[in-house]
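Notes for the one structure printed next.
Since every read-out is calculated from the coordinates, none of them should be taken as a lab result. It should be emphasised that the depicted structure is a prediction, and the values quoted were computed from it without experimental measurement. Please note: Cβ atoms are built from the backbone with ideal geometry, for glycine as well, and neighbour counts cover all protein chains shown.
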Amino acid sequence: MRWLRSSTAGSSKTGIYHSLLVLERHHVRAAVVELGDGAAQLLGVATAPVHDLGPSGQPDVDRLAAGCERALSEAEEMTRRAVGRKVVADTASISLPAPLANAFSVSADRRRNARERISEQELNTVVKRALRQAQDRLDAAGPKMDRDIIWGGLAETLVDGKIVLDPVGLHGSLLEARACFATAPHLWVRALEVVAERLELDLCCIVPDEIALSAAVPDARALLVVLGEEHTVAAEIVRGRPRWVLTVPFGEQHVLGVIAKGVDFAERQVNALMRVYRARHLRADVEERVALAYWKGLRQWMAALAQAVKDTYPAEGYPHRVWFVDATRRMPEAENALAHPFWERALPFGRCPEVKTILGPGGGSGAIANVLDCTAQASEEGFRLTRALARHAARIYRDDESSGGAANLDRLLVEAVRPSAAWR
């Protein structure tokens with residue numbers, strides 16, 4: 001589809017060029033970025049409509065490829081403004097719409113002579129052992145498990161039970177690696193591979209939405225909450241990587257259902273009711289009924305979320321910093337609900353939760369670090385996933401020197417999961 005390309009650029013003097021494709025429900029966003037020194041520069045961005053990519057739908061490869069082709073071509077044309085010529089990148093990362101991905105955590109360790117220092121090779125061996133455990137876990141589910149591992153990330157390393165940032169060079173009798181892996185339906189994985197083939201792209205990484213958003217969390221340890229239409233994703237993030245990820249089948253539509261029932265309103269009309277409610281055009285008595293029903297729905301949402309977290313990943317305490325993303329962009333009150341004492345009592349935080357938004361309206365304190373928008377067109381909330389995916393790609397391409405000499409285990413796992421990954 002893209003064989004008539006006027007200019008091909010695989011790398012620049014300071015980094016490499018890379019394509020991003022972000023799949024959303026009714027459209028695809030494309031970007032061409034320059035990666036280097038752990039940072040990303042957006043050189044061109046564009047959006048194109050596609051067939052409904054709802055979680056219950058099957059991938060329509062022809063329509064999906066056509067939408068990606070259109071968006072990526074427009075993004076490539078925009079690069080002329082930033083670098084003076086058209087940039088066409090040969091490698092690409094593609095996001096996977098939620099909640100198609102499932103994530104699970106594994107832990108691998110290795111005993112060794114405590115008198116010897118831990119080597120980089122030994123650390124790599126333990127990380128690869130974690131991947132093998134993840135593959136064994138998937139195989140144990142049986143032949144009916146039609147899913148593939150698409151992503152893996154190392155969350156923590158421990159030496160003799162103590163968390164360390166970089167174990168290389170330390171002494172210890174037990175080296176442990178805690179990693180998180182994501183799987184996706186084989187049908188979707190193959191569809192994205194076909195799209196990349198048609199666009200003549202080397203598909204380096206398939207990244208679930210929540211994993212991309214994790215890379216945008218700046219704290220050493222925090223919770224991430226992503227509200228969707230039919231589900232909510234909760235995750236504990238350690239330095240931009242998920243330690244665990246949990247999907248709860250309670251989202252925006254369930255909250256609206258509680259509202260409709262509470263005010264005896266048809267569910268198909270509740271969206272219109274909420275628009276009038278937010279505009280403050282309801283009678284005082286009706287507004288009060290809607291507010292009470294709304295608060296009841298939000299409480300049920302928080303209670304379901306907290307219960308699932310406690311049941312699946314119990315802990316004595318959870319990070320008090322909570323990064324919230326309203327993927328629907330239709331329920332702004334949910335962020336304020338997470339700052340209410342009800343949420344503080346729902347989980348053992350240890351202190352009052354502090355709620356922030358990743359790249360909310362106008363950017364603000366939730367702006368994504370190490371991502372520079374050279375187009376001046378990707379600052380709006382709709383490009384949040386695009387910028388987060390750029391941050392993820394920048395971390396994979398990070399040079400070992402820019403990380404203080406630490407091994408680039410992110411790239412190691414990406415290349416192990418997708419052996420064809422070509423980041424060089």
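Electrostatic bookkeeping for TYR277 treats Lys and Arg as +1 and Asp and Glu as -1; over the other residues with beta carbon under 12 Å from its beta carbon, the sum is +2. Distance between the 7 Å Cα→Cβ label points at GLU344 and ALA369: 2.7 nm.
Taking 0.36 nm per residue of separation and subtracting the current Cα-Cα distance, fully stretching the chain between GLN121 and ARG85 would add 8.8 nm.
What FRET efficiency would be calculated for the residue pair ASP285, ARG330, taking the C-beta separation as r and a Förster radius of 22 Å, to the nearest 0.05? Efficiency, rounded to the nearest 0.05: 0.30. Scanning residues 5 or more positions from GLU24 or on other chains, those with amide H under 5 Å from its amide H are ARG29, with H placed 1.01 Å from N in the peptide plane. Give the shape of the stretch 102-183 as rounded, prolate or oblate, defined through the alpha-carbon gyration tensor: a ≥ b ≥ c are the square roots of its eigenvalues, a/c under 1.5 means rounded, and otherwise the shape is prolate if a/b is larger than b/c and oblate if not. Since a/c reaches 1.5 and a/b is larger than b/c, the shape of the stretch 102-183 is classed as prolate. Here the chain is assigned +1 on the Cβ of each Lys and Arg and -1 on the Cβ of each Asp and Glu. Its dipole about the Cα centre then comes out at about 300 debye. Starting from the Cα of ARG25, move 7 Å in the Cα-to-Cβ direction to define the label point; list residues of the stretch 88-114 whose amide nitrogen is under 15 Å from there. Correct set: 97-100. Distance between the modelled labels on ASN102 and TYR313, one decimal in nanometres: 1.7 nm (7 Å Cα→Cβ projection). Charge tally for GLU344 (other residues, Cβ to Cβ under 14 Å; Lys, Arg +1; Asp, Glu -1): +3. Between the alpha-carbon centres of the stretch 78-116 and the stretch 320-348 there is a gap of 28 Å. A dipole drawn for the stretch 221-357 from +1 and -1 charges on Cβ atoms has a positive end, and of THR232, LEU256, HIS320 the residue lying farthest that way is HIS320. In the elastic network of the chain, a GNM with C-alpha springs shorter than 10 Å, the most mobile of PRO341, PRO218, PRO49 is PRO341.
For the stretch 325-357, backbone nitrogen atoms closer than 18 Å to the point 7 Å from GLU380 Cα along Cα-to-C-beta are found at 326-332. Size of the stretch 115-230 from its Cα atoms: along the principal axes, largest to smallest, the extents are 52, 33, 31 Å. Distance between the modelled labels on ALA303 and ALA266, one decimal in nanometres: 3.0 nm (7 Å Cα→Cβ projection).
Per residue, the chain reaches -11000 deg cm²/dmol at 222 nm when only DSSP H runs of four or more residues are counted, each adding -39500 (n - 2.57). Rounded to the nearest 5, what is the percent of antiparallel bridges among the DSSP beta bridges in the chain? So the antiparallel bridges amount to about 75 percent of the total. Among GLY142, GLY317, GLY153, determine the one that fluctuates most according to a GNM of the chain built with springs between C-alpha atoms less than 10 Å apart. Evaluated over the chain, the most mobile residue of the options is GLY142.
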